[in-house]
Amino acid sequence: MIEVEELTKEYRGRKAVDALSFTVPAGQVTGFLGPNGAGKSTTMRLALGLERPTEGRALVNGRRYRDLTEPMREVGSLLDTEAVPPGMTGAAHLGWLARAGGLPARRTGEVLEAVGLADAARHRIASYSLGMRQRLGIAGALLGDPGTLVLDEPVNGLDPEGVRWIRTLLRGLAAEGRTVLVSSHLMSEMADTADRVVVIGAGRLIAEERTDELIRRGATGRVGVSTPHRDLLAAVLDEAGLAVERDASGGGLTVLGADAARVGEIAARHGVTLHALVQQRASLEDVFMELTGDTAVHRFAPVGPR
Ligand SMILES: Nc1ncnc2c1ncn2[C@@H]1O[C@H](COP(=O)(O)OP(=O)(O)OP(=O)(O)O)[C@@H](O)[C@H]1O
């Protein structure tokens with residue numbers, strides 16, 4: 001389990017992470033979402049003891065990272081896939097990591113197998129594709145067979161097969177009871193992968209809840225309507241206090257803040273013929289845009305009294 005408590009990080013007087021608190025429970029995949037610059041990587045680096053917080057703390061299994069006695073056996077991480085030595089082979093790089101972490105050499109072969117890189121193990125990393133580097137980074141994270149995984153944008157650069165692979169891997173790791181925190185700025189990826197999501201913007205917490213709940217919460221209130229009497233319907237819906245958007249093409253309308261049943265009833269009451277009436281489901285992407293719309297532009301909260 002990871003507990004982030006009132007975590008704040010300032011760079012040159014600006015808050016990249018701002019009094020952020022959330023929990024990453026074991027046995028689930030937690031998606032860590034936010035637009036570019038929201039503070040995801042900074043939060044992960046703080047949790048991994050690579051930087052010191054200005055205020056607050058991040059605990060892994062109840063302790064600060066630097067107080068863990070065998071960190072690689074407790075937490076595996078993938079932060080920057082570019083930070084691997086290109087001249088080394090995949091096997092040599094992992095072998096070096098294993099020695100540094102006091103792990104048995106056999107783990108190298110096991111994790112290379114687990115990420116599907118066994119055949120490329122003796123090739124220089126310089127010859128790896130971006131997807132192969134991501135797999136190598138994940139192999140490194142798995143080396144110590146840790147109970148907690150912190151992965152920053154592991155899906156970056158993967159092809160659709162790679163994305164599916166990672167999704168299955170992460171779900172499998174969580175099913176084994178591990179704690180999995182995985183960041184992304186692409187919401188669509190997380191919809192099928194994460195049990196829960198933590199959404200941040202400008203370093204602050206925006207939402208922390210089950211993925212399906214978040215989607216459901218955002219799903220209310222958009223109804224697509226097609227009618228040969230668009231102006232009449234728009235007028236009666238407007239009268240009923242509903243916001244209406246006219247589609248740029250065709251006779252369609254989108255009604256905001258209502259469900260399909262209500263729109264259908266209003267139309268019937270006024271004798272308006274409908275050709276289509278569709279409750280539109282929000283995607284996680286829509287909900288995300290709604291949640292982070294403001295913060296994406298205001299990247300930093302100015303330091304000072306709140
Ligand atoms: N070492 C640093 N010095 C100064 N500013 C930094 C430093 N590291 C991060 N920042 C700033 O803090 C903010 C948060 O950055 P961070 O990389 O944590 O965001 P992110 O959510 O991971 O974004 P991305 O998806 O683009 O990686 C950014 O505005 C960034 O420029």
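Points to keep in mind about this one:
- Which listed residue is surrounded by fewer than 19 Cβ atoms within 10 Å (Cβ to Cβ), under 13 Å from L284 (Cα atoms) and not acidic (D, E), from S188, S184: S188
- Each residue in the range 118-156 was checked for being surrounded by 15 or more Cβ atoms within 10 Å (Cβ to Cβ) and part of a helix (DSSP H, G or I), and 15 pass.
- When S188 is tested against (1) within 16 Å of the ligand (Cβ to nearest atom); (2) out of contact with any helix residue (DSSP H, G or I) (no Cβ under 7 Å at 6 or more places or on another chain); (3) of a type in the set (S, T, Y), just one condition goes unmet, and that condition is (2).
- Figure legend. Inter-residue proximity from the range 82-95: first residues part of a helix (DSSP H, G or I), second residues surrounded by 15 or more Cβ atoms within 10 Å (Cβ to Cβ) and β-branched (V, I, T), beta-carbon distance below 8 Å, spacing 6+ or different chains. Indicated pairs: G90/I125; A91/T108; H93/V84; H93/I125; L94/T108; L94/V111; G95/T108.
- For the residues A58, A92, A139, the requirement of being away from the ligand (no atom under 16 Å from the Cβ) and farther than 15 Å from P154 by Cα singles out A92.
- If you go through the range 224-271 and keep only what is in a strand (DSSP E or B), among the hydrophobic types (A, V, I, L, M, F, W, C) and buried (at least 16 other Cβ atoms within 10 Å of the Cβ), you end up with V225, V244, L253, V255.
Conditions tested, residue by residue: (1) part of a loop (DSSP other than H, G, I, E, B); (2) at pLDDT 95 or above; (3) within 16 Å of the ligand (Cβ to nearest atom).
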position	(1), (2), (3)
G116	yes, no, no
G162	no, no, no
A174	no, yes, no
G177	yes, yes, no
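- Remark: I215 falls outside the filter, which requires a residue to be in contact with a helix residue (DSSP H, G or I) (Cβ under 9 Å, 6 or more places away or on another chain), within 16 Å of the ligand (Cβ to nearest atom) and farther than 30 Å from V111 by Cα.
- The residues of the range 203-223 that are assigned to a loop (DSSP other than H, G, I, E, B) and either at pLDDT 90 or above or closer than 28 Å to L169 by Cβ (or both) amount to a single one, G203.
- Among residues of the range 30-45 being in contact with a helix residue (DSSP H, G or I) (Cβ under 9 Å, 6 or more places away or on another chain) and more than 16 Å from T179 (Cβ to Cβ), the one that is farthest from the ligand (Cβ to nearest atom) is L33.
- Matching residues in the range 1-60 - criterion: being of a type in the set (S, T, Y) and in a loop (DSSP other than H, G, I, E, B): T54
- Unmet criterion (only one of (1) modelled with pLDDT of 95 or more; (2) surrounded by fewer than 21 Cβ atoms within 10 Å (Cβ to Cβ); (3) within 18 Å of the chain's Cα centre (by Cα)) for D80: (1)
- The set of residues in the range 272-301 being over 21 Å from E208 (Cβ atoms) and either modelled with pLDDT of 90 or more or crowded, with 18+ Cβ neighbours inside 10 Å (or both) consists of V272, T273, L274, H275, A276, L277, V278.
- Residues within the range 174-199 that are closer than 13 Å to V24 by Cβ and of a type outside the set (S, T, Y), tallied: 10
- Of all residues in the range 9-29 being buried (at least 23 other Cβ atoms within 10 Å of the Cβ) and more than 15 Å from the ligand (Cβ to nearest atom), the one that is nearest to A174 (Cα to Cα): V29
- Hey, E153 closer than 27 Å to P25 by Cβ and within 16 Å of the ligand (Cβ to nearest atom) or not: yes
The values are calculated or read from the model by the stated rules, or taken from the named source; none is laboratory data. Keep in mind that this is a model prediction, so the values were computed, not measured. All Cβ positions, glycine included, derive from the backbone under ideal geometry; neighbour counts span all protein chains shown.
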